[in-house]
Amino acid sequence: MSVRVVARIRPLLGDKEMEKDVIVTAASTEEGRAPTIVKIPNPKNEAEEFSFAFNSVYDRDTTQEQLFTAEVAPHLKALFQGLDVTIFAYGVTGTGKTHTMRGGLKLAERGVIPRLLSNVFRRGKKIAKDSDGETTVSVTLSYYEIYNDKVFDLLEAPETRTPSGLRLSEKDGKTIVMGLSERACMDLKDFEQLYIEANNNRVTAATKLNAHSSRSHAILRVKVTQTTGDMVRESTVSAIDLAGSEDNRRTDNDKTRLVESAAINKSLFVLSQCINAISNGDKRIPYRESKMTRILSLGQNNGITIMILNLAPMRSYHLDTLSSLNVSSRAKRIEVREIENEVVFKMAPPPSRSISNLSGTRQALR
Ligand code: ADP
Ligand code: MG
C-alpha cells in the first residue's frame, strides 16, 4: 500500500482576488528543486511562518495536463497489472477540488477524471490489439455519493432513492455497496454522457461560503476487467471529489446544515487518520470508523492512494487553509521570517538580537 499526499494551489480568480492578498506560497527545500513545501503565516503572529511538507506541491500555474501527467498517469500501468488506485481531492469549498477532478469542458481544462477514462480506454484497446484479440478489456462504471453518512446511487434518478440509502456488506474482505448499479462503458463519449447526467443528481445546497457548495462525497469507481481465456483480472480506480473541509461554525448553518457538517467532519477526520496511519506504516488503520473510508477499504488492499490537497492562496481562507494543511501534511515546521525582523530592527535596534536575525538584517542593509 502506498500513499502520496500532494498539494495544489489554485490561481487567483476574477478581479476581486488580488496579489496583495496572497498568503500561501510554494517553496522547495533546495534551489532548483521542484517544490515540496507550502508556506503560510501564523494567523496569531504574522512574523512567523508555518512550513508544511508534502510529496509534491503544484503551484498556481500548474495546468490540468501537468498534474495528470505527474500524479495519475504513472499509476495506470499498475492498474492494468491488477492494483487498485484511489485518487482523492480534499480541501475547503472554492479551492479547486471539482476543477481538479472533473474540470471544464474545453480540452485543456479537462480534469483528472476524463483524462483517466481516456487513458484507460486507450490502454485497453492497445492491450486487446497487441494480444490479437485473445484478451478482452471491459470497463464498467459506478458513481455514487455519501451524504450524511448514507450512500446514494448517482446513476439512478433521485426519485428512486430510498431515504435510508444503500446498505453495505462485506465479501472476501472487501466492502460492497448493495444494489449499486454498474454500467458498461465503451468509449469516452459513452462515459461523458453518463457522467454529466449523473452529476445533475448530486446533492448541492447553498451555504454562505459558496452557492453550490458540495455537501457530499462523490465517488466514481471505474472497474477494469481483462479476460484472457479462463483468466480474469479485475482492478478498480476510484476518483473522489470530497465534501468541503471548511469550519462549519462559520457558515451560518441551519439544522440540516449542522447535521451535514457533523457527518462531513467525522468522515474527513477518519480519512486523515487513515492517511496518516498508512504513511506511517501502522498496522491498524481505522478505516471502519466512517462509511467513506470503509467503502474504500482504505489501507486494506495492495493499492495506490493519492490525496490532492486543494488550496486557495488568499488571506480570506486563512484559518480553513491552515486547518486543511494540518490535516494533510506529513510534517510542519515553524520559522521566523527575516523580512519581518528587518523592519522591527530598523525602527528600534534592540541591544541583543539573535545571530540569524542580525545576518538577515545585514543583508538588507547592504
Ligand atoms: P471546490 O470544488 O473545491 O469547491 P471548484 O473546483 O468549484 O472548488 O473551484 C472554485 C472556482 O475556482 C471555480 O470557478 C473553478 O473553475 C476555479 N478554479 C479552481 N482551480 C482552478 C485552476 N487550477 N485554474 C483555473 N480555475 C480554477
Ligand atoms: Mg466542488
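Quick note: the coordinates plus some simple rules give every number you see, no bench work behind them. These figures come from a predicted structure and were not determined experimentally. When we count neighbours, we look across all protein chains shown, and the Cβ atoms used for this are built from the backbone with ideal geometry, even at glycine.
Quick look at the numbers
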| quantity | calculated |
| --- | --- |
| Average projected area [Cα convex hull, the stretch 1-112], square nanometres | 9.4 |
| Contour excess over end-to-end distance, with Cα ends at residue 170 and residue 247 and 0.36 nm allotted per residue | 24.4 nm |
| Rough spin-label spacing in nm, given labels placed 7 Å along Cα→Cβ, for residue 25 and residue 316 | 2.2 |
| Loop sites in the stretch 1-79: GluC sites (Glu not before Pro), DSSP, at most 12 other Cβ within 10 Å | 30, 31 |
| Theoretical gain in end-to-end length, residue 55 to residue 73 [0.36 nm per residue, Cα-Cα removed] | 4.8 nm |
| Descending Cα extents along the principal axes, the stretch 78-220, whole Å | 56, 40, 26 |
| Stretch gain in nm, segment residue 269-residue 184, where the contour uses 0.36 nm per residue and the Cα spacing is subtracted | 27.2 nm |
| GluC sites (Glu not before Pro) within the stretch 125-202, DSSP loop, no more than 14 other Cβ atoms inside 10 Å | 134, 182 |
| Long-range HN-HN contacts of residue 58 with modeled amide H, under 5 Å | 7, 8, 9 |
| Long-range HN-HN contacts of residue 305 with modeled amide H, under 5 Å | 2, 3, 4, 86 |
| Residues residue 126 and residue 323, FRET efficiency given R0 of 41 Å [Cβ-Cβ distance, rounded to 0.05] | 0.40 |
